[in-house]
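Every number in this text was worked out from the coordinates using simple rules, so none of it is lab data. In this text, all values refer to a predicted model and were calculated from it rather than measured experimentally. Cβ sites come from the backbone with ideal geometry, for glycine too, and all protein chains shown count toward neighbours.
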Amino acid sequence: MADYDLLILNGLVVTDTETGEYDIAVKNEKIEQVAPRGSFKDATAKRTIDAEGGYVMPGGVDAHVHLQEPPLFGKGSTADNYETGSRSAIAGGTTTMVTFAPQRKSEDSLLDILKATHAKAENNCYNDYSFHLLVSNPSHRALSEFKTLRAEGISSLKIYMTYEALQLQDGEILDVLVEARKRKITTMIHAENGQVIDWMTAQLEKRKFFAPKYHAVAHPEMAETEATYRAISFSEFIDAPILIVHVSNRAAAATIKNAQDRGLPVYAETCPQYLFLTRKDLDKVGFEGAKCVCTPPPREGEEDHDGIWDGLANGTFTVLSSDHCPFRFDDAVNGKKTCITDEFPAGQFKYIPNGIPGIETRLAFTLSADRLKLNKFVEVTSANPAKLYGLWPRKGGLVTGESDADINIWYPAGKLEPFALKNEMLHHNVDYTPFEGKVLNQWPRYTILRGEVVWDRDHGGLLGKKGYGKFIKRDASCLAGSRQEGEWDIPE
Ligand code: DUC
Ligand code: ZN
């Protein structure tokens, strides 16, 4: 009998805290040992992979993924279901994803939503997964279910300060934060001022401005920064931890940094679209710009990108997620073209479904850009999302005896010719990528999920099986928590 299930030799192992020449032994789906290079020369394994000096990192954890959702952000429905979305994730090295279980305003219970979302995911996933509850109706019943949600392994939820179908009023946000604090649940907040956006949209429409590029005008930085400040104020008042999702601009980032410097439990996320796209991408001939309509919109240019890179490097951003929210472009029933009518042959920006695909490209783009230290790259794409959302150390690390054997092995220097991305290379169910033609110099060569090689780029590509991915129960965050026992913790 072999000593191990898998040996990974000759890699440069990179975690959020360490870089070194280590070999890795895997057994029973777990990291059995990480030892100096050469330590396993007399050992046997069912399979051995020679990393040839390439980086060996924990598998990616993407904690902002929209799959199989009804129309919530404009008119269309998301193009990826749990099968196609998780397939795309694995092909890009994301071994764990946290998707949304969306409650509609007409729905009372969150537990029913959780059950329905389990049914969508079960036996369909290529990668491991969990859910954030998306709360749009914090009814008495919904709030009373937070305790059971925790018992069911859900330790985070998301709320919105915009979008008609989702927006909470300030008092409702406070209701959620009090209950979340009591149950040690982390609250993710989409921070944009919905009334400002509606007002701007009306101003633009009055002037007959309907093209996709006006989406960016309707979502000014001020709307994001104001809502960010308000969300932080609520978090400070209740002393409840929050994460501001998909931060796009420097003023919002500075507001967050200021709160963090004051010791508040405020965390933040950014996404590749705020590093690689600008508002010019929305200003293309005809309706093409709709391919890059997401919210908040990509900002002005390089200076904004630099600000976001700086925020990643200095720790303002805890996590880098994809906000994968895929809509097909050439689709007038569920996709971007649902906003085209006889009256508006060039569409109406306010109805363009908001979102872009990106679960497969997040890791390769960020590593290829070579703007972050390697440990920081692992921290924001893998370790921190696991820590923030209660998956650590099972996910996001290579901790002996504790971590699942979820591993990405990258190409060693000189082994992969830089290549231009084409949508046909991707595994999602979307007919475009907003990043068509982008030149990359890295991609996961092998991806391993709980000891199984599920992606081998040069020998078969996707090897994983639908249904191998499983639901992972999550614990309380080990990063975020209230600072004090407090007056809001009223006994039941
Ligand atoms: N932004 C997007 O781009 N898509 C989904 C939701 C959101 O807030
Ligand atoms: Zn959002």
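Amide H contacts for Glu192 (H built 1.01 Å from N in the peptide plane; partners 5 or more residues away or on another chain; cut-off under 5 Å): Met161, Thr162. Computed 3J(HN,Hα) for region 394-405, one whole-Hz value per residue from the Karplus formula 6.51 cos²θ - 1.76 cosθ + 1.60 where θ = phi - 60°, is 4, 10, x, x, 10, 8, 3, x, 10, 7, 4, 7, glycine and proline marked x.
For Glu288 and Ser109, the difference between the fully extended length at 0.36 nm per residue and the C-alpha to C-alpha distance is 60.5 nm. In sequence order, region 4-12 has phi-based couplings of 9, 7, 8, 10, 10, 10, 6, x, 9 Hz under the Karplus curve 6.51 cos²θ - 1.76 cosθ + 1.60, θ = phi - 60°, and Gly or Pro positions carry x. Ordered by the count of other Cβ atoms within 10 Å of each Cβ, fewest first, Glu52, Glu145 give Glu52, Glu145. Look at the Cα gyration tensor of region 60-374: its axes a ≥ b ≥ c give a/c under 1.5, and that counts as rounded. Here His190, His305 are placed in order of increasing Cβ neighbour count within 10 Å, fewest first, which gives His305, His190. Across region 262-279, computed HN-Hα scalar couplings (Karplus, 6.51 cos²θ - 1.76 cosθ + 1.60, θ = phi - 60°) run 8, x, 6, x, 10, 10, 8, 10, 10, 9, x, 4, 8, 10, 10, 10, 10, 5 Hz from first to last residue, x flagging Gly and Pro. What is region 104-234's relative contact order, in percent, from Cα pairs under 8 angstrom and six or more apart in sequence? Computed value for region 104-234: 22 percent relative contact order.
For region 65-154, the relative contact order is 31 percent, taking Cα pairs closer than 8 Å that sit 6 or more residues apart in sequence and dividing their mean separation by the residue count. Taking a ≥ b ≥ c as the square roots of the eigenvalues of the alpha-carbon gyration tensor, region 274-375 is classed prolate because a/c is 1.5 or more and a/b outweighs b/c.
As I understand it, the dipole of the chain uses +1 on the Cβ of Lys and Arg and -1 on the Cβ of Asp and Glu, about the Cα centre. Which of Gln167, Thr338, Gln33 lies farthest toward its positive end? It is Thr338. In this structure, Arg37 and Asn314 have a Cβ-Cβ separation that, at R0 = 35 Å, corresponds to a calculated FRET efficiency of about 0.60. Around the amide H of Thr48, modelled in the peptide plane, lie the amide H atoms of Leu7, all under 5 Å away and 5 or more residues distant in sequence or on another chain.
Computed from point charges on the beta carbon alone (+1 for Lys and Arg, -1 for Asp and Glu), the dipole magnitude for region 46-148 about its Cα centre is near 220 Debye.
For the chain, the dipole from Cβ point charges (+1 on Lys and Arg, -1 on Asp and Glu) about the Cα centre works out to 400 debye, to the nearest 20. Close amide H contacts of Asp80 (hydrogens built in the peptide plane, cut-off under 5 Å, sequence separation of 5 or more or a different chain): Gln68.
Taking a sphere under 10 Å around the Cβ of Gly11 and counting the other residues whose Cβ falls inside, with K and R at +1 and D and E at -1, yields a net charge of -3. With a cut-off of 11 Å on the backbone N, the residues of region 22-46 near the modelled label site 7 Å out from Ala2 along Cα-Cβ are 26-28, 44-46. Note on Phe344/Asn123: beta-carbon distance plugged into 1/(1 + (r/R0)^6) with R0 of 41 Å gives a FRET efficiency of 0.50. Annotation: lysines with alpha-carbon distance below 27 angstrom to Lys41 (same-chain offsets under eight excluded): Lys27, Lys30, Lys415. Look at the dipole of region 63-176 built from charges on Cβ: of Ala63, Asn127, Ser109, the Cα furthest out on the positive end belongs to Asn127.
At a Förster distance of 60 Å, what's the computed FRET efficiency of Phe419 paired with Gln484, Cβ-Cβ distance as r, to 0.05? For R0 = 60 Å, the calculated efficiency reads 0.70.
Extension gain for Glu29-Glu303 works out to 94.3 nm (0.36 nm per residue, less the C-alpha to C-alpha distance). Distance from the alpha carbon centroid of region 364-405 to that of region 241-308 works out to 21 angstrom. Contact order for the chain, expressed relative to its length and based on alpha carbon pairs under 8 Å spaced 6+ residues apart, stands at 23 percent.
Each residue in Asp261, Asp175, Asp16, Asp112 was given a count of other beta-carbon atoms within 10 angstrom of its own, and listing them fewest first yields Asp261, Asp112, Asp175, Asp16.
Rounded, prolate or oblate: which fits region 49-188, taking a ≥ b ≥ c as square roots of the Cα gyration tensor eigenvalues, rounded meaning a/c under 1.5, else prolate when a/b beats b/c?
prolate
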